[in-house]
Amino acid sequence: MFRIWFFILIIAVPAAEIGVLLWSGKQIGVPLTVLLIILTGILGTYLARSQGMKIINQARQQLNYGQMPGDAVLDGVCILIGGTMLLSPGFLSDVFGILLLLPLTRKFFKRWLALAIKRWINKGNVKIIR
């Protein structure tokens with residue numbers, strides 16, 4: 001299973017990104033395509049910073065009240081990945097990055113991430129040290 005995901009991440013995703021960039025350059029022109037890539041990078045930086053600061057403050061509040069900031073940690077992971085995706089050149093990664101940064105769509109990914117972590121813990125792949 002790891003090999004399939006590794007293949008997709010290393011070979012298929014960049015190939016798809018290149019294909020979309022070439023198609024975009026042909027449809028709207030190279031200068032506009034480059035401008036859109038730069039603008040999504042700027043948008044990604046802004047969204048990741050604003051959402052990240054909001055989540056950091058939420059985690060601080062939860063810690064001050066003696067609560068574990070589990071939900072805030074999942075939000076932080078999604079924001080980190082989403083911001084990174086928006087900074088990388090390509091439109092497919094930009095769409096995925098925006099979905100991870102927007103609070104409405106991030107809920108889906110947080111549920112999936114929480115389930116994946118629970119499965120890893122139950123399988124013994126992750127050890128919790130107290």
Hey, among 121, 38, 42, 81, which residue is surrounded by 15 or more Cβ atoms within 10 Å (Cβ to Cβ), in a helix (DSSP H, G or I) and either at pLDDT 85 or above or among the aliphatic types (A, V, I, L, M) (or both)?
81
Would you please list the contacts, defined by Cβ atoms under 6 Å and residues six or more apart or on different chains, that run from a residue in the range 49-65 that is free of Cβ contacts under 8 Å to residues at least 60 places away in the same chain to a residue that is among the hydrophobic types (A, V, I, L, M, F, W, C)?
51/79; 51/101; 52/79; 55/72; 58/72; 59/72
Is there any pair with a first residue in the range 3-29 that is closer than 14 Å to residue 88 by Cα and of a type in the set (Gly, Ala, Ser) and a second that is modelled with pLDDT of 85 or more and in a helix (DSSP H, G or I) whose Cβ atoms are under 8 Å apart and which are 6 or more apart or on different chains, and what are they?
16/92
Filtered residues of the range 66-114 (kept if in contact (Cβ under 8 Å) with a residue 24 or more places away in the chain, farther than 18 Å from residue 38 by Cα and charged (D, E, K, R)):
71, 75, 106, 110
Can you pull out every residue in the range 49-78 that is small (Gly, Ala, Ser) and either in a helix (DSSP H, G or I) or modelled with pLDDT of 85 or more (or both)?
50, 52, 59, 70, 72, 76
Answer yes if at least one residue in the range 8-20 is at pLDDT 90 or above, small (Gly, Ala, Ser), surrounded by 14 or more Cβ atoms within 10 Å (Cβ to Cβ) and over 22 Å from residue 83 (Cβ atoms), and no otherwise.
no
For the range 84-97, enumerate the residues that are surrounded by fewer than 22 Cβ atoms within 10 Å (Cβ to Cβ) and either of a type in the set (Ser, Thr, Tyr) or part of a helix (DSSP H, G or I) (or both).
84, 87, 88, 91, 92, 95, 96
Filter the range 86-100 down to residues that are under 14 Å from residue 24 (Cα atoms) and among the aromatic types (Phe, Trp, Tyr), then give me how many there are.
1
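The values are calculated or read from the model by the stated rules, or taken from the named source; none is laboratory data. Computed from a predicted structure; not experimentally measured. We place every Cβ from the backbone using ideal geometry, glycine too, and count neighbours over all the protein chains shown.
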